[in-house]
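Below is one structure, written out as C-alpha cells; comments come after it.
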Amino acid sequence: MPPPVSTYSICACDLDARQWGVAVQSKFLAVGSVVPFAEPLVGAVATQSYANPRYGPDGLALLREGLSAEEVVARLTAADVDHGKRQLGVVDGSGRSASFTGDACHEWAGGRTGSGYAAQGNILVSGATVDALAVTFEATAGQPLAERLLDSLDAAQSAGGDRRGQQSAAILVVGPEQGYAGLSDVLLDLRVDDHVRPLEELRRLFEIHTELFGRTSRASWIDVDAALREEIERRLAHLGYRSLEDWAGVENLEERVDGTDAIDPVVLEKLRASS
C-alpha cells in the first residue's frame, strides 16, 4: 500500500469568471502530481488519503456526462473496494460541491462544503484546518479565484495544517481559452514538489506568474506620447533591441504587449529597471 497523501485541499469555482481550480498542501513529495484535476465548464476534483488517482479523470468524465458533484462522489466511492481509505472533494460545473472522507482515514480527517467549494484534509492537527479553508474562501468572495485558493491554504496552515509538517504544494486553475496566448484552458498550474516552506515558495511562483502573464486593465495602460516614445526607443537601443515586442519576447512579457500606442505599466517598469 502506498503512503497516504495526507493533506489539506480545496477545490472550488468562480462561475462568473468561468474558472475551476484546486489548491493543495501536504507532507508528501510532489502532491501536485497526484491530487488536483480540473476541466473548464466541467468541474474540479481533489483525490487524497491513499489517493486513487483514477478518481481524477473518471470523476471529470462523470461530470462531463452531467452528474452532480454528490452523484460523482457516490459513483466513484461505490466502485472502489478501498473507499474507506480515500478522501475526495468535487465541485461540478454548476458550483455544486461534495466531500467524502472514508472511515479508515487517519485522524484528524474530514471535510466541509459550501457554495462553489469543497474543503477536506486528513492527518491534520485538528478540524480547525478545514474550517480555515472554508471560512477564508467564503470571506474572500469577489477576489480572483487563484488568490482565494492561495489565501485559503495560508489560513489552513496557520490554523495547524498537516500534523506531520509541510513538504509540497500546488495550485491548478482552468478556464476556457484563459491560458497562454488564449490557446490553452490552463490559466495556472504551479507546483512546489519539495520545500521546507512550500506555501511561501508557491506564493513566490504565483507572483512571478502574475508579473509575466497577468492582465492589467487596458484603462490602466499608459498612453505613449512623444516623450515616452523617445524614452522607450532609447532604452531599447541601449539594450540592443529595435522594438518593444522583440525585447518583451525575450523577457517572457509578450502577453503584456499589444501595439505601440499604449504600454502596460508592468512592462514599462520592467524596461526601466532593465536599462
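Roughly speaking, to the nearest percent, how much of the chain's 1.4 Å accessible area is carbon and sulfur? Provide the component values of the computation, followed by the final result.
Working: 6100 of 12620 Å².
The computed percentage sits at 48.
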Fill in: Separation between Cα centres of region 28-65 and region 114-188, rounded to whole Å
14
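If the viscosity is 0.890 mPa s and the temperature 25 °C, what Stokes-Einstein diffusion coefficient in µm²/s follows for region 31-99 when Rh is the Kirkwood radius over Cα pairs? Write out the running numbers ahead of the final one.
Numbers: Rh = 11.5 Å.
Here the translational diffusion coefficient equals 213 µm²/s.
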Practice prompt. Report the residue, chosen from Ser26, Ser68, Ser158, that carries the largest GNM mean-square fluctuation when the chain is represented by alpha-carbon nodes joined by springs under 10 Å.
Written response: Ser158
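Quick one: compute a quarter of the convex hull surface over the Cα atoms of region 33-184 and quote it in nm². Working shown, then result.
On the way: hull surface 35.1 nm².
Across all orientations, region 33-184 yields a mean hull projection of 8.8 nm².
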Worksheet item: Which Rg and Dmax, in Å, describe the Cα atoms of the chain?
Response: 21.1, 71
Worksheet item: Along the charge dipole of the chain, which of Gly142, Leu212, Ala38 sits closest to the positive end, that is, farthest toward it, with unit charges on the beta carbon of Lys, Arg, Asp and Glu (+1, +1, -1, -1)?
Response: Ala38
Worksheet item: Under a GNM of the chain (C-alpha, springs under 10 Å), which listed residue has the highest mean-square fluctuation: Arg86, Arg235, Arg18?
Response: Arg235
Item to complete: Using only the Cα atoms, work out Rg/Rh for region 128-275, with Rh taken as the Kirkwood radius, to two decimals.
Response: 1.08
Worksheet item: Most fluctuating residue of His209, His238, His106 in a GNM of the chain with Cα springs under 10 Å: which is it?
Response: His238
Worksheet entry | Rounded accessible area per residue of region 1-138, 1.4 Å, Å² | 37
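The values are calculated or read from the model by the stated rules, or taken from the named source; none is laboratory data. As the structure is a computational prediction, the values presented were derived from the model and not from experiment. Quick reminder, even Gly has a Cβ in these numbers, built from the backbone with ideal geometry, and neighbours come from all protein chains shown. For the accessible areas, the whole protein counts, side chains as well, though only heavy atoms, and no ligand, DNA or RNA atoms are used. Shrake-Rupley method; radii C 1.70, N 1.55, O 1.52, S 1.80 Å.
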